Amino acid sequence: MLGLDVDPQALTLAVQKLSPFGERVKLVQASYETLKDQLSTMSWQRVDGILLDLGVSSMQLETPERGFSFLVDAPLDMRFDPYAPFSAKDLINSYSEQDLAEIIYRYGEEKHARQIARKIVQNRPINTTLELANLIVGIAGGQRSKLHPATRTFQAIRIAVNNELQALQNTLPQAIEVLESGGRLAVISFHSLEDRIVKQYFRQEGRDCICPPRTPICTCGHHATIREITRQPIRPQSSEIMKNPRSRSARLRVVQKI
């Protein structure tokens, strides 16, 4: 098994948990965007199965100094790789109001994106998670919702800092390419933006023709490379959600290489 993660803290935990398997496991600090390069380094041509577990982890959320959570005061960070050069603090304090609004709206689907961006620019510099969260609560705090008012904005900033959606789009074609015939790719996503990318890619690669619907004759030459095992995503059962409330938003999609 080859395990990839950009977070050294996650790798340290993985080394401990997987130690009984010895040399059968190789763990590398790297993005899954480098999947093909990592396999080439190991002289692996094809693999039988791939699991992508997307987004932020409980470990990261529960480590205050990592700056992912709006519930405790900590430096604005949010980097999966703590040694990466660009943090949430850099983004918040350097991007224009327009760019901030676009990020918060596109990646957080936050309807108050423009007001939040304007408030951020008016109150810079912003250095801690609670400074940012309190600004957002002042704008969106009166809404009745199960979500904390800062949830969507923090999600958006985290996605932008770690380039998460582009990394996913770059990885899916690699994953399909390196699978053995009959091998499976499983992807666990935790919000609609990720799931939409996975769903659309799986639907496209599961079709023999991707020409526009009104094209009278197929000219694309595309052939299906996968078949969907889960046409609808698998969601956690209530018993799992009771044990792990953060699983409530998880969606699992699986395909098989033709």
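The values are calculated or read from the model by the stated rules, or taken from the named source; none is laboratory data. Please read these numbers as outputs of a predicted model, since none were measured by experiment. Cβ placement follows ideal geometry from the backbone for every residue including glycine, while neighbour counts extend to all protein chains displayed. For the accessible areas, the whole protein counts, side chains as well, though only heavy atoms, and no ligand, DNA or RNA atoms are used. Shrake-Rupley method; radii C 1.70, N 1.55, O 1.52, S 1.80 Å.
In summary, residue 3 fulfils each of the numbered conditions (1) open to solvent by 50 Å² or more (accessible area, probe 1.4 Å); (2) assigned to a strand (DSSP E or B) with the single exception of condition (1). As a summary of the residue check, residue 152 satisfies the conditions (1) among the basic types (Lys, Arg); (2) farther than 22 Å from residue 249 by Cβ; (3) in contact (Cβ under 8 Å) with a residue 24 or more places away in the chain except for the one numbered (2).
Candidates are the residues of the range 48-62 that are without any contact (Cβ under 8 Å) to a residue 60 or more places away in the chain and part of a loop (DSSP other than H, G, I, E, B); the one that is surrounded by the fewest Cβ atoms within 10 Å (Cβ to Cβ) is 62. The residues in the range 80-89 that are open to solvent by 30 Å² or more (accessible area, probe 1.4 Å) and not in a loop (DSSP other than H, G, I, E, B) can be counted, and the count is 1. Residues in the range 115-152 that are open to solvent by less than 40 Å² (accessible area, probe 1.4 Å), more than 15 Å from residue 77 (Cβ to Cβ) and part of a helix (DSSP H, G or I): 116, 117, 120, 135, 136, 140, 151. Count of the range 202-223 residues, restricted to those that are open to solvent by less than 50 Å² (accessible area, probe 1.4 Å) and on the phi > 0 side of the Ramachandran plot, is 0.
To keep it simple, each residue is scored yes or no on (1) open to solvent by 30 Å² or more (accessible area, probe 1.4 Å); (2) within 30 Å of residue 101 (Cα to Cα).
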site	(1), (2)
8	yes, no
16	yes, no
20	yes, no
37	yes, no
45	yes, no
64	yes, yes
69	no, yes
78	no, yes
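For residues in the range 22-35 being farther than 19 Å from residue 170 by Cβ and touching a residue at least 12 places away in the same chain (Cβ under 8 Å), which is most open to solvent (accessible area, probe 1.4 Å)?
Of the residues in the range 22-35, the ones farther than 19 Å from residue 170 by Cβ are 22-27.
Narrowing the set further to residues that are touching a residue at least 12 places away in the same chain (Cβ under 8 Å) leaves 24-27.
Working: 24: 177, 25: 31, 26: 93, 27: 53 Å².
Looking at the filtered set, the residue picked out is 24.
Note on the range 239-251: among residues that are open to solvent by 50 Å² or more (accessible area, probe 1.4 Å) and either touching a residue at least 60 places away in the same chain (Cβ under 8 Å) or outside any helix (DSSP H, G or I) (or both), the one that is nearest to residue 200 (Cα to Cα) is 251. Evaluated against (1) among the aliphatic types (A, V, I, L, M); (2) open to solvent by 30 Å² or more (accessible area, probe 1.4 Å); (3) more than 26 Å from residue 6 (Cα to Cα); (4) in contact (Cβ under 8 Å) with a residue 12 or more places away in the chain, residue 101 falls short on exactly one condition, (2).
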